[in-house]
1. Taking square-rooted eigenvalues a ≥ b ≥ c of the alpha carbon gyration tensor, is region 86-138 rounded, prolate or oblate, where a/c under 1.5 means rounded and, failing that, a/b exceeding b/c means prolate?
2. Using per-residue counts of other Cβ atoms within 10 Å, averaged over each peptide, order 183-196, 12-25 from highest down.
3. Taking H placed 1.01 Å from N in the peptide plane, check which residues at least 5 places from PHE88 or on another chain put their amide H under 5 Å from its amide H.
4. Sort the following peptides by mean Cβ neighbour count (other Cβ atoms within 10 Å, averaged over residues), highest first: 116-124, 200-208.
5. Which distance in Å, rounded to a whole number, links the C-alpha centroids of region 122-138 and region 88-118?
6. Is region 6-81 rounded, prolate or oblate when judged by the Cα gyration tensor, a ≥ b ≥ c being the square roots of its eigenvalues, rounded requiring a/c under 1.5 and prolate requiring a/b larger than b/c?
Amino acid sequence: MGSKSWIDFAPQYNSNCTHSSRTICNNCMYEYLRNNWNIGSEISCPECSIPLSHNAIKLILFENDDITLYNRYTQFELNRILEQNLEFIWCALGCGSGQLNEGATMNNIIECVNCHKLTCFTHKCPWHDGITCEEYDMPRTDGQLHASERWIKVHTKECPKCHSHIEKNEGCDHMTCLKCKHEFCWECLVPYSGIKRHGAYLHDRKCKHYPATETRSIFKRFIDLF
């Protein structure tokens with residue numbers, strides 16, 4: 001523990017932990033959490049590998065005055081609770097909004113309260129205009145199947161984390177998967193967690209968001225100062 005006080009190693013954040021006392025100080029616990037937590041992922045105690053409880057994570061963030069990450073985690077918790085409600089649905093067009101659908105499957109066409117675009121409640125996809133849900137589920141001919149596969153290949157990409165297909169109709173290239181909440185660049189599929197911490201140079205070199213040569217040179221000179 002060195003020169004640190006016992007206060008720097010209290011309290012025991014997680015009641016389920018298997019170690020009787022902590023050897024990692026409060027500040028290091030916070031840095032560990034800040035650097036390792038991604039939206040939608042579980043984070044474990046660095047000492048015994050038991051998953052940290054929601055209350056433990058919020059306490060660590062609150063004690064270190066990280067209001068931004070605290071609010072993001074609180075929103076993540078709320079989203080998980082909402083998703084357990086069978087009448088809740090996210091907008092399938094990627095605007096980030098969600099809503100309750102009273103009556104559930106009795107009302108399959110959902111108009112987003114935010115972007116006003118239509119989502120199919122049954123299939124959790126953009127509304128299949130011109131065909132019913134029953135027709136949507138019918139076996140398709142080889143020609144129809146190949147056409148659908150071509151459409152998916154042209155208009156959607158797989159989330160790099162959960163591999164669900166995502167359609168991008170408009171907006172910026174900073175994408176958030178509706179299923180697992182993974183954030184990534186639409187153009188190069190690189191995770192945004194590193195980009196937000198270290199800058200745009202973490203985009204793939206062929207990505208249009210990768211900094212120009214002059215910008216990279218300035219960034220390198222800045223880093224070299226340290």
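Read the figures in this text as sums done on the coordinates, not as results from a lab. Everything numeric in this text was worked out from a predicted model, so none of it was measured. Reconstructed Cβ throughout: ideal geometry from the backbone, glycine too, with neighbour counts over all protein chains shown.
1. Details: a/c = 2.15, a/b = 1.38, b/c = 1.55.
Taking the square roots of the gyration eigenvalues as a ≥ b ≥ c, region 86-138 is oblate.
2. Working: 183-196: 17.1, 12-25: 14.1.
Ranking the peptides 183-196, 12-25 by packing returns 183-196, 12-25.
3. The answer is ASN101.
4. Answer by packing, highest mean first, reads 116-124, 200-208.
5. 14 Å
6. Values: a/c = 1.98, a/b = 1.46, b/c = 1.36.
Prolate is the answer for region 6-81, as a/c is 1.5 or above and a/b outweighs b/c.
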